[in-house]
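Every number in this text was worked out from the coordinates using simple rules, so none of it is lab data. Quantities reported herein were computed from a predicted structural model and do not represent experimental measurements. Methodologically, a virtual Cβ is constructed for each residue, glycine included, from the backbone with ideal geometry; neighbour enumeration extends over all protein chains shown.
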Amino acid sequence: MPLQHAPDSEAAHTIALQALAFLASDGERLGRFLALTGMGPAELKAQAGDTALLQGVLDHLMRDESLLLVFASDAGLKPEQVAAAFHALGQVQRARGRHG
């Protein structure tokens, strides 16, 4: 079933940046993300706008339903919009792979 109202790449990036800010707003959430990715704070900051990193942030949220629901509520989004943003960023990554 196709996703309705799938975000464009700009909207998907915005949602992912909101998700990153959500993680960064809580030391425990951010610490868990960093521990799972093996990244340090400086590396995260340097790569904050990277499409692959932003897709990873959304993937992290989608793997933890309670975290996803809190983020979606805080951001005024439906969880399905977060999933659609994840998929839109994946399309950007695939397009870059073909053309980059």
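When the range 14-23 is filtered for residues that are among the aliphatic types (A, V, I, L, M) and either on the phi > 0 side of the Ramachandran plot or touching a residue at least 12 places away in the same chain (Cβ under 8 Å) (or both), the ones remaining, listed by number, are ILE15, ALA16, LEU17, ALA19, LEU20, LEU23. Listed conditions (1) in a helix (DSSP H, G or I); (2) closer than 16 Å to PHE33 by Cα are all met by ALA48, apart from (1).
Scanning the range 26-84 for residues that are without any contact (Cβ under 8 Å) to a residue 24 or more places away in the chain, among the aliphatic types (A, V, I, L, M) and exposed (fewer than 12 other Cβ atoms within 10 Å of the Cβ) yields ALA35, ALA42.
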